Amino acid sequence: PPPVAALPLSQPLTVDWRDLRLLGYDLIPPGSPDPPQLVLYWQAQGDSRRDLQVHLRLTDAGGRAVWDRGGVPVRWTYPTTRWQPGEVVRDPYPLDLGGLAPGSYQLFLAVQDAHGFHLEAAGDRSGDSEGFVPITTLTVR
């Protein structure tokens with residue numbers, strides 16, 4: 001696999017879960033007609049025997065969830081059970097923020113099993129009791 005410095009990610013952010021590591025992310029601005037995108041970069045930490053899913057949550061200034069998305073990585077096409085140890089996976093998610101009031105929102109990430117149980121990030125990086133890790137702040141204009 002390529003070294004992290006060689007990846008095209010603009011925001012390095014290392015968070016470990018048991019079977020995978022988040023290396024960082026990119027925020028791609030909207031392009032007509034596409035919404036902005038969040039691209040996560042993952043690295044397999046071993047042979048995962050579990051199908052893990054990504055759960056993204058956006059909260060408003062009061063901490064209320066206003067948007068939830070997620071699923072199997074790479075648009076439901078590349079389950080973690082197929083990842084090879086050390087493999088780096090580019091995992092895009094459209095950020096359809098239409099309908100949100102202008103303001104600042106916090107984007108969180110969790111990794112969950114196929115039953116929806118959130119896994120704990122190593123080093124207690126969780127931002128809340130549900131296992132979400134803070135990723136970035138987004139501004140809606």
Check the range 92-115 and report whether any residue there is in contact with a helix residue (DSSP H, G or I) (Cβ under 7 Å, 6 or more places away or on another chain) and either assigned to a loop (DSSP other than H, G, I, E, B) or crowded, with 16+ Cβ neighbours inside 10 Å (or both).
-> no
Subset of the range 8-36 (residues that are without any contact (Cβ under 8 Å) to a residue 60 or more places away in the chain, touching a strand residue (DSSP E or B) at 6+ places or on another chain (Cβ under 6 Å) and in a loop (DSSP other than H, G, I, E, B)) | L9, S10
Which is more than 16 Å from G71 (Cβ to Cβ), open to solvent by 10 Å² or more (accessible area, probe 1.4 Å) and among the acidic types (D, E), of D47, D51?
-> D47
Just a yes or no: is a residue in the range 63-79 outside any helix (DSSP H, G or I), open to solvent by less than 10 Å² (accessible area, probe 1.4 Å) and touching a residue at least 24 places away in the same chain (Cβ under 8 Å)?
-> no
Within the range 37-56, is there a residue that is without any contact (Cβ under 8 Å) to a residue 24 or more places away in the chain and not polar (S, T, N, Q)?
-> no
Checking E87 against (1) surrounded by fewer than 16 Cβ atoms within 10 Å (Cβ to Cβ); (2) at pLDDT 95 or above, which test does it fail?
-> (2)
Could you check, for the range 68-89, whether at least one of its residues is under 18 Å from T137 (Cβ atoms) and not acidic (D, E)?
-> yes
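The values are calculated or read from the model by the stated rules, or taken from the named source; none is laboratory data. Small disclaimer: the values here were computed from a predicted structure and weren't measured. Note that we place each Cβ from the backbone using ideal geometry, even for glycine, and neighbour counts take in every protein chain shown. For accessibility, only protein heavy atoms count, side chains too; no ligands or nucleic acids. Shrake-Rupley method; radii C 1.70, N 1.55, O 1.52, S 1.80 Å.
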